[in-house]
Amino acid sequence: FSPYRIILLFGKVLIIFVYKSLKPGVAVVKIYRIPALVNLNDDKTFLAFAEKRKTLSDTNAEVLVMRRGTLKDWVSGHQLLSSACLPNHCSMNQCPVYERESKTLFLFFVCVPTQVSEYEQIRTNKSQGRLCCVTSKDTGKTWSHTIDLTADIIGKPDCTSAFYSDDQGITWKVGNQMDVESCECQMAEIIDEEGKSTLYCNTRTRLGYRSEALSYNSGEDFGTVLSPNKLIETGNGCQGSVLSFLEQSNPTKT
């Protein structure tokens, strides 16, 4: 293929591949959106996921795809995740999670009825998405059938909550919802000097600023909502990212 373009649109990366067509003067455009990345420390492998789309529209998402590689080299081509879907739905907003003890890779994603746009769901104030997941026991080489988790863990719209498992993903529980408008959340773990864990949550809103909250009980609730107006939001909001990393100090801090 000819050179590709990477564009940052409101915090979401859009990758457009332009291929040469068999017809002279005609280009075939391949669009991949909403990238996600997970690192499998066991074999130093990175797995990159994206939505393959026919056009830029959410309603034209075709299939989730995955590519495998390391920091130095990536395998040519991508794998179609054909089992990650529901009939007559578009699969999107993928989120990979690796459970180290059982060596299970979970890929969570949302399935929305075909031709139902995000704008239509916002306009009618009615979410039509289904929260689903597939799993892999061999670092993404093969995947399970789709499991629909919606009935078990989805709560009130426009509020963020965490869902978690205490048995390596066999069953799932949903935590209490944040007492503030929030959606499209990102979380990071903070480890203090005594080794205690705190979860930090940063979310999109339509309030003109982002919502932030802390959980001291592994996501059962985010009872400590931080002071608002510190992080300004753009327009109607966009999805942001949060990373937790070790401070360069001795001893190390998060």
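For this structure, a couple of remarks:
- Check on S102, hydroxyl-bearing (S, T, Y) and either within 25 Å of G240 (Cβ to Cβ) or assigned to a strand (DSSP E or B) (or both): no
- Residue match in the range 10-23 (condition: under 29 Å from C238 (Cβ atoms), in contact with a Phe, Trp or Tyr (Cβ under 6 Å, 6 or more places away or on another chain), modelled with pLDDT of 85 or more and not acidic (D, E)): no
- Of T146, T150, all but one fail to be farther than 19 Å from S215 by Cβ, open to solvent by less than 30 Å² (accessible area, probe 1.4 Å) and in contact (Cβ under 8 Å) with a residue 60 or more places away in the chain; the exception is T146.
- Only one of the listed residues (T160, T139, T146) is within 24 Å of Q239 (Cβ to Cβ) and at pLDDT 90 or above. That residue is T146.
- The residue that is least open to solvent (accessible area, probe 1.4 Å), among those in the range 204-247 that are of a type in the set (V, I, T) and more than 19 Å from Y119 (Cα to Cα), is V242.
- For N125, the conditions (1) open to solvent by less than 60 Å² (accessible area, probe 1.4 Å); (2) more than 20 Å from the chain's Cα centre (by Cα) all hold with the exception of (1).
- Put simply, of K54, K72 the only residue that is at pLDDT below 90, in contact with a helix residue (DSSP H, G or I) (Cβ under 6 Å, 6 or more places away or on another chain) and exposed (fewer than 14 other Cβ atoms within 10 Å of the Cβ) is K54.
- Residue match in the range 56-78 (condition: assigned to a helix (DSSP H, G or I) and under 22 Å from S241 (Cα atoms)): yes
- Taken together, the criteria place E120 among residues that are of a type in the set (D, E) and free of Cβ contacts under 8 Å to residues at least 60 places away in the same chain.
Every residue, every condition in (1) over 25 Å from N41 (Cα atoms); (2) touching a His at 6+ places or on another chain (Cβ under 6 Å); (3) not hydrophobic (A, V, I, L, M, F, W, C), yes or no:
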residue	(1), (2), (3)
F108	no, no, no
E118	yes, no, yes
R123	yes, no, yes
G129	yes, no, yes
W143	no, no, no
I153	yes, no, no
W172	no, no, no
C183	yes, no, no
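- Residues in the range 188-203 that are open to solvent by 60 Å² or more (accessible area, probe 1.4 Å) and assigned to a loop (DSSP other than H, G, I, E, B) were compared, and the one that is nearest to V134 (Cα to Cα) is K196.
- Residue that is nearest to C111 (Cα to Cα) [pool: residues in the range 57-69 that are of a type outside the set (D, E) and open to solvent by 40 Å² or more (accessible area, probe 1.4 Å)]: N60
- Subset tally (residues that are closer than 17 Å to T135 by Cβ and open to solvent by 40 Å² or more (accessible area, probe 1.4 Å)) for the range 87-97: 2
- In the set (1) assigned to a loop (DSSP other than H, G, I, E, B); (2) among the hydrophobic types (A, V, I, L, M, F, W, C); (3) within 18 Å of the chain's Cα centre (by Cα), the condition left unmet by C185 is number (1).
- Looking across V180, V174, V134, one residue alone is crowded, with 16+ Cβ neighbours inside 10 Å and in contact with a helix residue (DSSP H, G or I) (Cβ under 8 Å, 6 or more places away or on another chain). It is V174.
The values are calculated or read from the model by the stated rules, or taken from the named source; none is laboratory data. A quick note: this is a predicted structure, and the numbers were derived from the prediction, not measured. FYI the Cβ positions are ideal-geometry reconstructions off the backbone, even for glycines, and counts take in every protein chain you see. What goes into the accessible areas is simple: the full protein's heavy atoms, side chains included, and nothing from ligands, DNA or RNA. Shrake-Rupley method; radii C 1.70, N 1.55, O 1.52, S 1.80 Å.
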